[in-house]
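The values are calculated or read from the model by the stated rules, or taken from the named source; none is laboratory data. From a predicted model like this one, the values you see are computed outputs, not experimental measurements. For neighbour counting, all protein chains shown are included, and Cβ atoms are generated from backbone atoms with ideal geometry for every residue, glycine included. Keep in mind that these areas ignore ligands, DNA and RNA; they rest on the heavy atoms of the full protein, side chains included. Shrake-Rupley method; radii C 1.70, N 1.55, O 1.52, S 1.80 Å.
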Amino acid sequence: MIALMLARFCLSIAMLILAADVHSAAESVRVHGAWMPVASGTTATALPDRDDPAWRSFEPNAISVVPRGALGAWVRLDGSDGWPSDDLVLSISTPPYGAFTLFDAAGRAVRNTSLMDLDPLRWHGHGRVAMSLDAGVLARPFVLLRLEPAERASSGMSFRIDTVAGFARMDSRWLAFASASLAILFGMSMMAICFGILLRDTTFFFYAAYVLSYAMIQVVQTGFAAHPLGVEVIAANPRVFGISALLGSVVAATLFVDRFVDLRRHAPRLRIVVLATAGAVVLNSLFAFVPFDSVRLLSRALVNPLLIVIGPLLLLCGVVALLRGSRYAIYFLIGWTPLLVLTVLSSLQTFGILAHWTQSNDFCIAAAAFEALVLSLGLADRALALRREGERIGVLAETDPLTGLYNRRAWIDRAQALLDTMRREGNPLCVMFLDLDHFKQLNDSRGHEAGDKALVRVAELMRTAMRHREVIGRLGGEEFVVVLPDCALPAATEVAERVRLSLEGQAIALGTEGGVLTTCIGVAERSAGENLARLIARADTAMYAAKSAGRNRVVVADTLAVTR
């Protein structure tokens, strides 16, 4: 288990390092960026010069918000040192779902693509929009793009121009990294579903739903659904799937945390706040589908602030639950803290904070895989605890709480199984029926505590006197019963005599009037065709015969041979 934990941890750290280095592999060309809204009647050949105040500068290699009005926005990328002779590729990271149009030096549209473009004849990037830049585009010192109108008014994105070789290395590394991360998420969710089915615990299903929803968010946001998966239904409706995945992840994550760290017990007041905030996120997500522009604009404006709030709130719940004794809060904090922090920081980037950290989304994917691995350990721990609890409950349901012997129902089940086995194999089987002498006198004279101690001592003596396969039960009160498989009547009689002598030798006082605790034992051997009830009844009859003969003796059924 420790080796597995270390292996998973090392794999997660390696993935984080890879995520941090994905973009550094590219051979990037230095560019300066500027944007301006598309005005009515303007074309790619009639735009103002770079120095015109209508152009607003931005840093292409940083996360920048380029607002798009009703007609879209122009984006101009100026080569600082000219264009190298190598073939180049323009890539746009964390782009919105809207289309991008690339123009050549003559102002003609030569490329029109989007994150979810499925056209197999076009150049595609994985996790980003990519367009090749040929000589016609690079004939002037800048690259011109138009961000086409889209329902989402603005989005943080970054622009890069790389050599083809550099882009290919970056692209292949990102594809390998994202595929591995998503595979981990899918594998951990399937494991959780299996545990949930086996243990009938909804906590595992909530966890699986959260992991799958978060994986869907990444599949949609990165364009992985289109390339390499080529899922047409998602590519055609990314907004619907994205909002649905966000809604599912928030609901499932909240319900999972609630059950996993037991907020109802450890943080009941915070639980109400968390559930209310999650409800606000769900309601806000549903507003995105309302056919009113003002409501949808409000929904888009509130989504990031709500995510920024619910992240620290869930962490606070984990800390409070840990301080108040939640066993699983430590798993939650270790696994979920990196992802929640990165999610909040990624949301803050839309407000211009940490704009130069362009790898935030890749780190979120890696953190999600890390979180899935850590929480899977927590779920495995929970599964083990549930199994142990189930076993404990099973033991309690089958055993006498005082003596630890089998109770009536459990003893009969096991005795019947042994009887069936001995009948098939043709081997002997005996039953001993034991009743303590004058036990009521002991209770009345010395109290029930002394009586309980005596019963426990009798159970210990019986265990000591038996072999390895006997099944001992307490039928109730001072009556005990034993089934002895592979044991003929003479051997069973010897065992009964050992028990009788051992108890007599304990000299357990009955009370102030003298006398010690003894027992009467009836022994019966299975006859051909005899059922368990009849066998027990014969042993019981022999025991009563021992009582009638003066107590403190063993009587064998049928022959009624008495030993003392």
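Overview of values
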read-out	value
Scan of the stretch 331-347 for residues that are open to solvent by 30 Å² or more (accessible area, probe 1.4 Å) and in contact (Cβ under 8 Å) with a residue 24 or more places away in the chain, ordered by number	Tyr331, Ile334, Pro338, Val341, Thr343
Test set (1) open to solvent by 40 Å² or more (accessible area, probe 1.4 Å); (2) touching a residue at least 24 places away in the same chain (Cβ under 8 Å); (3) of a type outside the set (Ser, Thr, Tyr) - Leu517 fails condition number	(1)
The listed residue being of a type in the set (Lys, Arg) and crowded, with 22+ Cβ neighbours inside 10 Å, out of Arg140, Arg160, Arg173	Arg160
All strands (runs of 3 or more DSSP E) inside the stretch 54-144 with 2 or more residues being charged (D, E, K, R)	73-79
Residue among Val290, Val219 that alone is at pLDDT 90 or above and among the β-branched types (Val, Ile, Thr)	Val219
Conditions (1) open to solvent by 50 Å² or more (accessible area, probe 1.4 Å); (2) hydrophobic (A, V, I, L, M, F, W, C); (3) part of a helix (DSSP H, G or I); (4) farther than 21 Å from Tyr207 by Cα; number of the one not met by Leu316	(4)
Residue list for the stretch 289-312, restricted to those being closer than 24 Å to Leu255 by Cα and among the β-branched types (Val, Ile, Thr)	Val303, Ile308, Val309, Ile310
Count - residues of the stretch 268-286 that are small (Gly, Ala, Ser), in contact with a helix residue (DSSP H, G or I) (Cβ under 6 Å, 6 or more places away or on another chain) and without any contact (Cβ under 8 Å) to a residue 24 or more places away in the chain	0
Odd one out for Gly107, checked against (1) open to solvent by less than 40 Å² (accessible area, probe 1.4 Å); (2) on the phi < 0 side of the Ramachandran plot	(2)
The stretch 448-497, subset open to solvent by 10 Å² or more (accessible area, probe 1.4 Å), of a type in the set (Val, Ile, Thr) and out of contact with any helix residue (DSSP H, G or I) (no Cβ under 6 Å at 6 or more places or on another chain), residue farthest from Leu418 (Cα to Cα)	Val456
When residues of the stretch 438-447 are limited to those that are assigned to a helix (DSSP H, G or I) and not aromatic (Phe, Trp, Tyr), the one most open to solvent (accessible area, probe 1.4 Å)	Lys440
Where Ala130 falls short, out of the listed (1) open to solvent by 10 Å² or more (accessible area, probe 1.4 Å); (2) closer than 30 Å to Ala176 by Cβ; (3) in contact (Cβ under 8 Å) with a residue 12 or more places away in the chain; (4) not charged (D, E, K, R)	(1)
One residue from Arg387, Arg382 being open to solvent by 40 Å² or more (accessible area, probe 1.4 Å), part of a helix (DSSP H, G or I), at pLDDT below 85 and within 30 Å of Pro338 (Cβ to Cβ)	Arg387
Any hit, the stretch 526-533, residues being of a type in the set (Asp, Glu) and either open to solvent by 50 Å² or more (accessible area, probe 1.4 Å) or within 19 Å of Leu436 (Cβ to Cβ) (or both)	no
Single residue of the stretch 317-347 satisfying the filter (touching a His at 6+ places or on another chain (Cβ under 7 Å) and not aliphatic (A, V, I, L, M)) that is modelled with the highest pLDDT	Arg324
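Listed here are the residues, each with its yes/no results for (1) in contact with a His (Cβ under 9 Å, 6 or more places away or on another chain); (2) hydrophobic (A, V, I, L, M, F, W, C); (3) more than 20 Å from Ser172 (Cα to Cα).
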{"site": "Ala54", "(1), (2), (3)": "no, yes, yes"}
{"site": "Pro67", "(1), (2), (3)": "no, no, yes"}
{"site": "Val75", "(1), (2), (3)": "no, yes, yes"}
{"site": "Tyr97", "(1), (2), (3)": "no, no, yes"}
{"site": "Ser132", "(1), (2), (3)": "no, no, no"}
